[in-house]
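Student: Below is a structure I'd like to ask you about.
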Amino acid sequence: MIGPLLTKKVHSILRAAARAGTPAVECSLDLDRSTTTVEVGVAEWTWQGERFPYLETCKDRTVYHWVGEAFQPVSRFTTSLIKLVPTEWGPPTFEIDGIKMLPTARVSPYADAERKVGLIQPRGKVILDTCGGLGYFAAWCLQGRASRVHSYEKNADVIWLRSLNPWSPETGGSLTLTHGDIAAQIGALPGNSFDAILHDPPRFGTAGELTRKPSMTNWRECSSATANYSTTPAHRTN
């Protein structure tokens, strides 16, 4: 179970209730996936019988998760800064070195994935998801009753983000998630093994190898129905 997740919006709701002397408040602790009741005190707040402190500093555009004795940002730095970022829509996006990976300005990244997955009509199909990311494509494939979904994600820290994101689907059953670079592994996959391929790479600067023609040739050999959503940097700022 994912513990409580805080954003500046939710933290402000809790603080306001504490100042007003309100004993309890309804809010979301899972990025608007659901609502829950939180008991509010002056120095701390209580959820599901466990007490939590208020943050001394709660930054905007940051998701915090509970780590033992304190809230920490949902971010990691290995070779790049990988960060889960809240949105006004609920489902979060993520950034790599400050570069937004999913559209958020005009549409929810979750709804954007729903629209794109709808184009391949996933029901009963075996689908290759080349750029797994937070798993929103996979989630909608599963909701659309795909037979199987094979996702690839080359960044281990992005996979870690998925483990803390309530909007990311759980692996197992019809969904497999492979930690690997699809551009390097596509050639080893059997021909005609997929009914459709979802390909939505990030900016060229962060994953240019995913838009090169040799890779696209291999993808076409694996499937006769490729839905290619290569986007430009301008789209990624929206």
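The values are calculated or read from the model by the stated rules, or taken from the named source; none is laboratory data. What you are looking at is a predicted structure, and each value in this text was computed from that prediction instead of being measured. Note that each Cβ is placed from the backbone with ideal geometry, even for glycine, and that neighbours are counted across all protein chains shown.
Student: Listed residues Ser34, Ser75, Ser28; which is of a type in the set (S, T, N, Q), within 16 Å of the chain's Cα centre (by Cα) and under 23 Å from Tyr136 (Cβ atoms)? Quick ask: steps written out before the conclusion?
Tutor: On the way: Ser34 fails: within 16 Å of the chain's Cα centre (by Cα); Ser28 fails: within 16 Å of the chain's Cα centre (by Cα).
When all the criteria are applied, what remains is Ser75.
Student: Let me ask you something else. In region 163-179, what residues are over 16 Å from Ile82 (Cβ atoms) and either within 13 Å of the chain's Cα centre (by Cα) or loosely packed, with under 12 Cβ neighbours inside 10 Å (or both)?
Tutor: Listed by number, the residues that qualify are Pro166, Trp167, Pro169, Glu170, Gly172, Gly173.
Student: Let me ask something else about it. Could you go through region 94-107 and let me know if any residue there is among the hydroxyl-bearing types (Ser, Thr, Tyr) and under 10 Å from the mean Cα position of the chain (by Cα).
Tutor: No.
Student: Is it true that Leu142 is touching a residue at least 24 places away in the same chain (Cβ under 8 Å) and either within 21 Å of Thr104 (Cα to Cα) or assigned to a strand (DSSP E or B) (or both)? Spell out how you get there, then give the answer.
Tutor: Working: touching a residue at least 24 places away in the same chain (Cβ under 8 Å): yes; either within 21 Å of Thr104 (Cα to Cα) or assigned to a strand (DSSP E or B) (or both): no.
In short, no.
Student: Another one. In region 66-79, which residues are surrounded by fewer than 16 Cβ atoms within 10 Å (Cβ to Cβ) and either touching a strand residue (DSSP E or B) at 6+ places or on another chain (Cβ under 8 Å) or not in a loop (DSSP other than H, G, I, E, B) (or both)?
Tutor: Listed by number, the residues that qualify are Val67, Ala70, Gln72, Pro73, Phe77.
Student: If you don't mind, there's one more thing I want to ask. If you go through region 146-156 one residue at a time, do you hit one that is in a helix (DSSP H, G or I), farther than 27 Å from Thr35 by Cβ and out of contact with any helix residue (DSSP H, G or I) (no Cβ under 9 Å at 6 or more places or on another chain)?
Tutor: From region 146-156, those in a helix (DSSP H, G or I) are 156; that's our starting set.
Those left that are additionally farther than 27 Å from Thr35 by Cβ: 156.
Next, from what is left, pick out any that are out of contact with any helix residue (DSSP H, G or I) (no Cβ under 9 Å at 6 or more places or on another chain): 156.
So far as region 146-156 goes, yes, one or more of its residues are in a helix (DSSP H, G or I), farther than 27 Å from Thr35 by Cβ and out of contact with any helix residue (DSSP H, G or I) (no Cβ under 9 Å at 6 or more places or on another chain).
Student: Output the residues belonging to region 187-203 that are surrounded by 21 or more Cβ atoms within 10 Å (Cβ to Cβ) and aliphatic (A, V, I, L, M).
Tutor: If the condition is that a residue be surrounded by 21 or more Cβ atoms within 10 Å (Cβ to Cβ) and aliphatic (A, V, I, L, M), then Ala196, Ile197, Leu198 are the ones that fit.
Student: Taking the residues in region 40-53 that are under 19 Å from Ile2 (Cα atoms) and not hydrophobic (A, V, I, L, M, F, W, C) as candidates, determine which candidate is surrounded by the most Cβ atoms within 10 Å (Cβ to Cβ). Steps first, please.
Tutor: Step one: of region 40-53, the residues under 19 Å from Ile2 (Cα atoms) are 45-53.
Subsequent filtering for residues that are not hydrophobic (A, V, I, L, M, F, W, C) retains 46, 48-51, 53.
Working: Thr46: 14, Gln48: 12, Gly49: 6, Glu50: 10, Arg51: 11, Pro53: 11.
The residue in question is Thr46.
Student: Follow-up question, since we're still on this one. Looking at (1) out of contact with any strand residue (DSSP E or B) (no Cβ under 8 Å at 6 or more places or on another chain); (2) of a type in the set (S, T, N, Q); (3) surrounded by 19 or more Cβ atoms within 10 Å (Cβ to Cβ), which is the one condition that is false for Ser28?
Tutor: Single failed check for Ser28: (1).
Student: Check Arg106 against each of (1) surrounded by fewer than 17 Cβ atoms within 10 Å (Cβ to Cβ); (2) modelled with pLDDT of 95 or more and name the one condition it does not meet.
Tutor: (2)
Student: Cβ contacts < 9 Å: first residue not assigned by TED's automatic domain parsing to the domain that holds Arg162, restricted to region 28-47; second residue part of a loop (DSSP other than H, G, I, E, B) and of a type in the set (D, E, K, R), any location; separation 6+ or different chain. Result?
Tutor: Going by the 9 Å Cβ cut-off, the qualifying pairs are Thr36/Asp30.
Student: Let me ask something else. Scan region 18-25 and give yes if some residue there is touching a Lys or Arg at 6+ places or on another chain (Cβ under 9 Å) and not assigned by TED's automatic domain parsing to the domain that holds Arg162, otherwise no.
Tutor: Filtering region 18-25 down to residues touching a Lys or Arg at 6+ places or on another chain (Cβ under 9 Å) leaves none.
Scanning region 18-25 turns up no residue that is touching a Lys or Arg at 6+ places or on another chain (Cβ under 9 Å) and not assigned by TED's automatic domain parsing to the domain that holds Arg162.
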